[in-house]
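The values are calculated or read from the model by the stated rules, or taken from the named source; none is laboratory data. This one's a predicted model, so the numbers in the text were calculated from it and none came from an experiment. Every residue, glycine as well, gets a Cβ built from its backbone with ideal geometry; the counts of neighbours run over all protein chains shown.
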Amino acid sequence: MRYLAVVKADAYGHGMPQMVRRLMQSGIDCFAVANVAEAADIRHMGAGWPILILSPLLPEEDQLLVDHDLTATVSTLEECERLNELGIDHKTEIKVHLKIDTGMGRIGIWHSQAPRFFERIREMPGLQLEGVYTHFSSADSDPDFTQIQRARFLAALDADVPLPDDLLIHADNSAGIDSLSAESPFNAVRIGLLQFGVTPYPDSALGRVNVEPVFSFHTRISLIKDLPAGTDISYGRTHQLARDSRIAILTAGYGDGVPLGLSNCGYVLIHGQACPILGRVTMDQTIVDVTECIEAQIGDCVVLIGKNQDKEITTSEFSQKANTIPWETLCSVTKRVTRVYVGSREL
Ligand SMILES: Cc1ncc(COP(=O)(O)O)c(C=O)c1O
């Protein structure tokens, strides 16, 4: 089974160079990214690594496939013809993976049209078909539909068109591998979220693998003050103190990646205690209730995501409270937040 490491969007916010260097030492087979700029960044870090671009290219980006020795995803005849000409012009073969749409409704040739498409690609001397893949829309929530997508994909491959022996055949994202059968023709997986230690949904069988999250998110207390009952808190006056309270001001807001969605419903950990977020999260500051947390002091570390004494806020719980998904949470931590890499000195 080949492992395509999905490191788009700055490796899900973890830092592309650091994650790519680590993955280069971890036995992966190929990197998968969203666009040519991300692919070029990886190419500068190491020659020879296969790099698959998952999104369609703009025509003016095609030349970069040759310049950086990259692999494109194709799903229309127009793209194939463009890249075929590019390959012929450069007396080379442009490496491509054909994407098949089995129900995602995004990119990919519609599955029933795929067999004819294989034939067309075979006739193009400027293209080398290295892989074929599909993408699941609901592997984390709808196993029945995932099975329908698998069946559509395999039926498209089963047509009478001979395919290269070493063709990479892949579908599975993190949630997909829950239902991946060892006997199937799939010979590669495309993993993003799980490689950062976050399982795609709470009751995933992968949860039993006991993965360790790579990421934690911390801020600090910059100010503490006492306010009387009845005081309105933050923009829009969405919270009114029900009792005399001690509040702490945290040095992070939505400008750092604390979602507005946590206003009045999230909490943070300080000295192992859950402290509720009061009122609207603002751009640079978040206000929390520390009335019960008598040890709280200016300068204290505050955990937004991660472990604190015997408590933990997971990326999934944080995301659920903010009415978003772990993928978005991880991608939303902004450049303003200092990244500290622990235990990675060799990187
Ligand atoms: C085409 C494609 N494949 C694989 C992945 C990886 O998915 P996950 O992070 O759920 O493993 C993504 C993520 O967005 C994707 O867009």
Quick test of your reading of the structure: V198 fulfils all but one of (1) within 30 Å of G257 (Cα to Cα); (2) outside any loop (DSSP other than H, G, I, E, B); (3) within 13 Å of the ligand (Cβ to nearest atom). Name the failing condition by number. (2)
Residue under question is C265, and the condition is that it be free of Cβ contacts under 8 Å to residues at least 60 places away in the same chain, farther than 22 Å from Y12 by Cβ and outside the structural domain of S138 (by TED's automatic domain parsing); does it hold? yes
Taking T134 as the residue in question, decide whether it is within 18 Å of M1 (Cα to Cα) and either assigned by TED's automatic domain parsing to the domain that holds N187 or small (G, A, S) (or both). yes
May I ask you to list the residues in region 1-20 that are more than 19 Å from T338 (Cα to Cα) and either without any contact (Cβ under 8 Å) to a residue 24 or more places away in the chain or more than 15 Å from the chain's Cα centre (by Cα) (or both)? M1, R2, Y3
Please name all residue pairs, on different chains or six or more residues apart, with Cβ atoms under 8 Å, provided the first residue is in region 268-283 and is over 15 Å from I224 (Cβ atoms) and the second residue is among the charged types (D, E, K, R) and outside any strand (DSSP E or B). G272/D310; G279/R237
Of everything in region 92-146, what is among the basic types (K, R), crowded, with 20+ Cβ neighbours inside 10 Å and within 13 Å of the ligand (Cβ to nearest atom)? Give them in sequence order. K99
Can you give me the ranges of the helices (runs of 4 or more DSSP H) entirely in region 1-75 with at least 2 residues that are more than 13 Å from the ligand (Cβ to nearest atom)? 16-24, 36-45, 63-68
